[in-house]
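The values are calculated or read from the model by the stated rules, or taken from the named source; none is laboratory data. Note that this is a predicted model, so its numbers are computed, not measured. Cβ atoms come from the backbone with ideal geometry, glycine included; neighbour counts cover every protein chain shown. For the accessible areas, the whole protein counts, side chains as well, though only heavy atoms, and no ligand, DNA or RNA atoms are used. Shrake-Rupley method; radii C 1.70, N 1.55, O 1.52, S 1.80 Å.
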Amino acid sequence: MTPDALLRRYLDECPLIAIVRGVTPDEAVAVGEAVEQAGIRIIEVPLNSPDPLTSIGRLCVRFGDRMLVGGGTVLHPAKVAEIATAGGRLIVSPNTNVAVISAASDAGLVSCPGYFTPSEAFAAIAAGATALKLFPAEGGSPAVLKAQRAVLPKDLPVIVVGGVAPDNMAPWIDAGANGFGLGSGLYKPDQSAAETLDRARAYVAGLAAR
């Protein structure tokens, strides 16, 4: 399956990405189970979490094809291979680093780099990005995304990340967003699996209420 098809498969099930920054390997599976129970099918472990590669590996073993698991805050191309070795199939960055994007594309992984301007967006596309991550979204607006959507490829997914809440997704969807990355509104370090489940359910309900 191509990276494009792989990402679309999981976004079609639920257009939300759980960003579990700060999760530890001992917590990762329980948090992942809470996210899955709520209906979310994509989970990202940022590399500035404790022992992130171990967490990614444990999540991949636990969920297999049921979830798309990968690494976030990927700033260096060498980390792409490390994530792939752990079983991860998703590479997410906060910035537009063409070397990271190219490494992910060459490895056949889903690449979702951060961008904020059209110039960054088209540089990422040229390097082989599977999708784009509008970040930090709270620095922009749905109107900005709508304007960008007029020039971006129609079939290229745009994921909105930053300041996303259960009750503010509808304007972004109307502007052309294909999904959302959920950070501290969903998970904070040392948060229980039960609280993660409650928060994840609130986001899924927010989508349904649109």
Label-point separation (nm) for Val98 and Thr2, each offset 7 Å from Cα along Cα-to-Cβ? 2.2 nm
With a 1.4 Å probe and all protein chains kept in place, how do Cys112, Cys60 rank by accessible area, largest first? Cys60, Cys112
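Let me know the charge dipole size of segment 1-145 about its Cα centre in debye, to the nearest 20, where only the beta-carbon of Lys, Arg (+1) and Asp, Glu (-1) is charged.
Values: 10 positive and 14 negative charges, 27 e Å.
Using Cβ point charges on Lys, Arg, Asp and Glu, segment 1-145 gives about 140 debye.
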Segment 78-177 - percent of accessible surface contributed by carbon and sulfur, probe 1.4 Å: 61 percent
Return the whole-Å distance between the Cα centroid of segment 1-63 and the Cα centroid of segment 162-194. 15 Å
Rounded to two decimals, the Debye log10 I(q)/I(0) of segment 1-49 (Cα scatterers, no solvent) at q = 0.14, 0.25, 0.28 Å⁻¹ is -0.38, -0.93, -1.01
Starting from the Cα of Glu120, step 7 Å toward the Cβ, then list every residue of segment 143-160 with an amide N under 14 Å from that point. 145, 159-160
Loop-located trypsin sites (Lys or Arg not before Pro) in segment 119-195, at most 15 other Cβ atoms within 10 Å (DSSP): Lys154
Dipole magnitude (debye, nearest 20) for segment 47-114, charges at Cβ of Lys, Arg, Asp, Glu: 180 debye
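Can you give the accessible area per residue of segment 117-161, in Å², using a 1.4 Å probe?
I get 44 Å² per residue for segment 117-161.
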Alpha carbon Rg of segment 144-201, scaled by the compact-globule rule 2.2 N^0.38 Å: 1.35
Net lengthening on full extension, Glu138/Thr85 (0.36 nm per residue, minus Cα-Cα): 15.7 nm
Taking mean projected area of the Cα convex hull in nm² as the quantity of interest, determine which of (1) 12.7; (2) 11.9; (3) 9.8 was computed from the displayed structure. (3)
Could you give the length gained on full extension between Ala205 and Ser184, defined as 0.36 nm per residue of separation minus the Cα-Cα distance, in nm? 5.8 nm
